[in-house]
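All of the numbers you see were taken from the coordinates with simple rules; none came from a lab. None of the values given here were measured: they were computed from a predicted structure.
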Amino acid sequence: ERPLMSNKPSTRNPVMAKQFLLVDAHNVIFARPDLAACHRRSPATAREELVRVLERHQDATGTRVVVVFDGGSGAKASSDLSGAAGVQVIYPQAGQSADAIIERLVLKYAGTHGLTVATNDNLIRTAAVAAGASTIGVETLFEETERAEKEMRGTLEQLRRKR
């Protein structure tokens, strides 16, 4: 079983702890009309699309992304990495909510890492801030992703022109 998040600070810059984005997945899906409509047709497709967006966010920002979905059906929680981009995807065990997993992760890691929680859920936001994490809303998450992707495309274009 994979550890949920490493407790070790980043070796790139020992002064700065590694940055993580913890995503309340279903809250994000239902806050976005495009993803909510997709979820009504195919929940699996909506989950896959959200993970693709979060992979691009991770690639463009360098922030490690951990996404927590509701709907675990196993006897224990499961965790996996998506594709080559390595976004960590967590499903809680049966009878446990994504909110409980998020709260536990925030309490455990907010003191050692730069941790931001993406959700519109006020209870999760309050718990995250109380534990020392920062929070962003769903629209801000998508705005930041779009901005970071645009900056990355600009940088890649500049590199291509230098060749």
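Amide H contacts under 5 Å for I136: V117, A118, T119, restricted to partners 5 or more places along the chain or on a different chain, H placed in the peptide plane at 1.01 Å from N.
Residues whose amide H comes within less than 5 Å of that of V65, counting only those at least five positions distant or on another chain, are L21, Q88 (H built at 1.01 Å from N in the peptide plane).
For the range 38-67 versus the range 85-158, the spacing of their alpha-carbon centroids is 12 Å. Over the range 21-163, all Cα pairs binned in 10 Å intervals from 0 give whole-percent P(r) values of 12, 39, 35, 10, 3, 0, listed from short to long.
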